[in-house]
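Mind having a look at this structure? Questions to follow.
The values are calculated or read from the model by the stated rules, or taken from the named source; none is laboratory data. Source: prediction; values computed, not measured. Note: ideal-geometry Cβ built from the backbone for every residue, glycine included; neighbour counts use all protein chains shown. Remember, those area values only see protein heavy atoms, side chains included, never the ligands or the DNA or RNA. Shrake-Rupley method; radii C 1.70, N 1.55, O 1.52, S 1.80 Å.
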Amino acid sequence: MGKRVDPAESTELAKPVREWVTPPTKRDRANEGDDGELTPLARPSMGDDDELDRAVAKAKAEAALFGESEAVKIGRYHLIERVGAGGMGVVWKAFDPDLNRGIALKLASAGDLEARRRARDEGRALAKLSHPNVVPIYDVIEHESGVFLVMELVKGQTLRQLAAEATPLQLVRAYRQAGAGLAAAHEVGLVHRDFKPDNAIMGADERVRVLDFGLAHEVSIEQREIAGTPRYMAPEQRAGDALTPAADQYAFCVALREGLASKGQVPRWLQPILARGASEKPADRFPSMQALLGELALDPATRWRRRGVIALGVAAVGVGVGAFTIGRAQQEESPCEGGPGLVAPSWGADRRAAITKHLGSLTTPYAVEAAPRITQSLDTYTTDWVRIYKSSCQAHRRGEISAALLDRRSGCLSRRRAALGAITTLAAAVPGEELPDLVVAVADLPDVAACDDDDALMADVEPPPPAKAAQASTIADEIAQIDVERDAGKLEDAARRAEEVVSRADALGYRPLRARARLARGRIKLTGLTDDRGEKDFREATHDALAVGDAPMSVEAYARLAYAVGTQNDPSGATNATDGLTLIESLAESAADRARFGVALLHHNLGSVLLARGNREEARKEMARSREVAMGVKGSGEIELTIAFRGSMLTSDDEADRQRFGNELIAARTRLLGARHPLTLDARIVTAAMVVDPERSRAQLLEPCEEMARFHPDMGGFIAECGLELSWLAYAAGDKPAATAAADLVASVAERGADVPLLRLAAAYRQLATGDAAGAAAAFAAVLGADEAESTWWMWKYMAADAALGTAFTQIAMNKKSEALASLDRASVLYDQATGMPRPILDRRRRVIAQLRQGLAVKM
């Protein structure tokens, strides 16, 4: 057996996506010639390589003759056949029996110790990279035949082969993917040093991977040898000078120019870009690979317009085509200027004036802050919609994007316009107390920018058949409106429409739309905590989305399913919440940035499930992953993902980290929703509650709790929670007037959504603070005897523990010391079972319990 070598010292590696690998063609070999590789790395020993060839051939012969044979192994991997060879190593197709998958096994070096070290360096270089446009490495094996790299097995063609078949625009798109892989290498401090058309392959999934990092070199380290392929080597590389990422930029531009020239000539708009990237002096090139890629994505003829490079012959969706039809006379005069007229029914001058007037008439304290934010946000959204409408129309007229891509942009814009119309309909009559929900719905409108993301649009699932396209478009628009109604708190209206839409989607028989409709209905149920909390809908949405290859929707639906199942009152639900997780995690990894929102949500919800199971350490890790991914999500979904900061705060054991996460949560919600939105005030309340010191916590809680009561008196749940905590902290500190005032604050929202157990606890502390120990004891007993179904199971444990601790306070007041000690014991047990509650809140209570026990022990 070979000895396993850690390729990256705890670097997490990417998982496989496709199988097979492309062998070199006659043309590839012919292109080496005098311009072949110059490298000091030893090539694999032909003797060792031949031995493996002979062993595999022998095994195949034995299998043919006798029906079985012993596999030829490198480590645990079974060699199947040699599929490629070049200056940087020999590649074998192999099989991993442990993971039941095909892999590529590259004999990177069979030479001396220095050559083996270089091969291991290649493994470490690749292991630093986790990017969809870089071939991933899974393992490094030290074997008697040499150092083997275990890699993804990819079926496809090199960019040299692709150049013979692709259009110029398709070739540019492929090279942009390769450039993204090189940029990722540069970000982790690596220069490839040997980029060429043969070292990038487009797989059957139309994703390009950069290969062969055998010469990868750390940035800004003096080059000690000349290595690479002369045709693509930058001047400084030929001279043996120190290398920077600019060397890869040179090779990239030379290779792309060569591929385009093989088709006749380099398009005029590309000539200055490639000339700059291949400048003799590194300083004259682009400042980075990302800057070069940005230029390749633009059309210099119109400055800062995306060039559509996809013409795949996809059947026209027909979705929203009417959005680009603006009347014969207007078309003749200005065919792409109709956007303002199309969006006017939703947010034109008349509509804007009427809504602004209505918002200005609202007299709630919060309306003064909310009204300007709403109108400004809708102004910006509409401006962006018109801009992308116009640019899409113009790009199609110039022949830069296909009809299929125009249809997808049009469908995307149609759904955004429907959502905007739903928002303004609600805003025209919104009562003051519902403004907070409307602010959330406005901030969470689906991104208009997504309608200009051609790669993401074309990565979507197959469109509906033409005969179903119009009906599918209508249903999709209605789902967008339902999502707005849910965000705006109109749960009954949204639920009623969702039932109708699900039925129509089922009748249409287009599975991507079935999945979307069920996801929308499930979210309404989860928000309202009704029926099964959306479990069945999320399960079916996950199944349908997986069936049609919609990775982002699959991940999101599964994430919501895990939360719905794992956080129900029944603790056993947490055990079943992660069934099928391995498949979803693999899918999430392969979907990369397209599923970023779902991935962040998945990690958060898994953290919530783990917390419900009592596994705080693993929950903290999941919350950290959620926070890391969520920071890259902008626009729609960003508000929901602020829970990633909250989750990290609630699971951290370090007070400094808790305060940092809390401050980030407050800052994010202030930016997205405003300083006095209830979710922003709640962030301040939770952050204050995370302070261990009781007096500091109490001081920080007071202002946001009072502001919540002043600006949002209907938010009974928020006010009751913070008011109860203030009352408890004040009583424990001996400040009975403050405890009474905080309890009165809770009582003021008794009819406005506060949970009954919270109201009972606050009433009990008020009685205790005013000297009615017997009345307080009866109120605490009512909480202890309440039905657990009144709240989530771990929240009930926490409230019951508070009631037991309150009972101990009453017994101490009535000089019942033995009974008080028993109540303290009961409270301790219940706090230990309240695994979902933040540790600082529990620690404060445990500290008070210890102090009370100590005091009772002295008196006894």
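In the P(r) worked out for the range 794-834, what percent of Cα pairs fall beyond 16 Å?
29 percent
Can you tell me the order of 577-585, 765-773 when each peptide is scored by its average per-residue count of other Cβ atoms within 10 angstrom, highest first?
Answer by packing, highest mean first, reads 765-773, 577-585.
Among 399-411, 378-390, 511-523, how do they line up by average Cβ neighbours within 10 Å per residue, starting with the highest?
Going from most to least packed, we get 511-523, 399-411, 378-390.
Rounded if a/c is under 1.5, else prolate if a/b is larger than b/c, else oblate: which is the range 146-188, with a ≥ b ≥ c the root eigenvalues of its Cα gyration tensor?
oblate
If amide hydrogens are placed 1.01 Å from N in the peptide plane, which non-local residues have theirs closer than 5 Å to the one on Ile74?
Under 5 Å from the amide H of Ile74: Leu79.
Let me ask something else about it. If I take R0 = 51 Å and measure r between the Cβ atoms of Asp350 and Asp593 in this structure, what FRET efficiency does the formula 1/(1 + (r/R0)^6) give, to the nearest 0.05?
About 0.80, to the nearest 0.05.
Let me ask something else about it. Using only the alpha carbons of the range 389-435, determine the length spanned along each of the three principal axes and report them from longest to shortest in whole angstroms.
Extents along the principal axes: 50, 15, 11 Å.
Sticking with this structure for a sec: Could you please tell me the mean projected area of the C-alpha convex hull for the range 330-452, averaged over all directions and given in square nanometres to one decimal?
The orientation-averaged projected area of the Cα hull of the range 330-452 comes to 7.5 nm².
How far apart, in nm, are two points set 7 Å out from the Cα along the Cα-to-Cβ line at Leu99 and at Asp744?
For Leu99 paired with Asp744, the spin-label model returns 6.6 nm.
Note the full-extension length gain between Arg853 and Ser361 as 0.36 nm times their separation in residues minus their Cα-Cα distance, in nm to one decimal.
Length difference between fully extended and current span is 171.4 nm.
May I pose another question? When ranked by the protection proxy of mean other Cβ atoms within 10 Å per residue, highest first, what sequence do the peptides 609-615, 809-815, 676-682 form?
Taking the mean over residues of other Cβ atoms within 10 Å, the ranking is 676-682, 609-615, 809-815.
Relative to the present Cα-Cα distance, how much length would full extension add between Lys390 and Glu337 at 0.36 nm per residue of separation?
18.4 nm
Can you classify the range 560-667 as rounded, prolate or oblate using the Cα gyration tensor, where a ≥ b ≥ c are the square roots of its eigenvalues, rounded means a/c under 1.5, and otherwise it's prolate if a/b beats b/c and oblate if not?
Since a/c reaches 1.5 but b/c is at least a/b, the shape of the range 560-667 is classed as oblate.
Same structure again: Could you work out the Kirkwood radius for the range 495-563, taking every pair of different alpha carbons, averaging 1/r and inverting it, reported in Å?
11.5 Å
Looking at the square roots a ≥ b ≥ c of the eigenvalues of the Cα gyration tensor of the range 700-788, which shape do they give, rounded for a/c under 1.5, prolate if a/b is larger than b/c, or oblate?
oblate
To continue, here is another question. Note down the nm distance, to one decimal, between modelled labels 7 Å out along Cα→Cβ at Ala675 and at Thr380.
About 1.8 nm separates the two model spin labels.
Here's something else I'd like to know. What is the percent carbon and sulfur in the accessible area of the range 449-565, measuring with a 1.4 Å probe over the protein chains and ignoring ligands?
49 percent
At 0.36 nm per residue, minus the direct Cα-Cα distance, what do Lys281 and Glu819 gain on full extension? Give it in nm, one decimal, please.
The span from Lys281 to Glu819 would gain 185.2 nm if fully extended.
What is the Cα coordinate range of the range 477-610 on the first, second and third principal axes, sorted by size from largest, in whole angstrom?
Computed over the Cα atoms, the extents are 34, 33, 23 Å.
Still on this structure, I have one more. At q = 0.15 Å⁻¹, what base-10 log of I(q)/I(0) does the Debye formula yield for the range 356-424 when every alpha carbon is treated as an equal point scatterer in vacuo?
Debye intensities relative to I(0), on a log10 scale: -0.61.
Hey, another quick one. Report the label-to-label distance for Glu206 and Glu695 in nanometres (one decimal), using points 7 Å from each Cα along the Cα→Cβ vector.
Between Glu206 and Glu695, the label points sit 6.7 nm apart.
Then there's this: Step by step: find N for the range 608-697, compute 2.2 N^0.38 Å, then divide the Cα radius of gyration by it. What's the final number?
1.07
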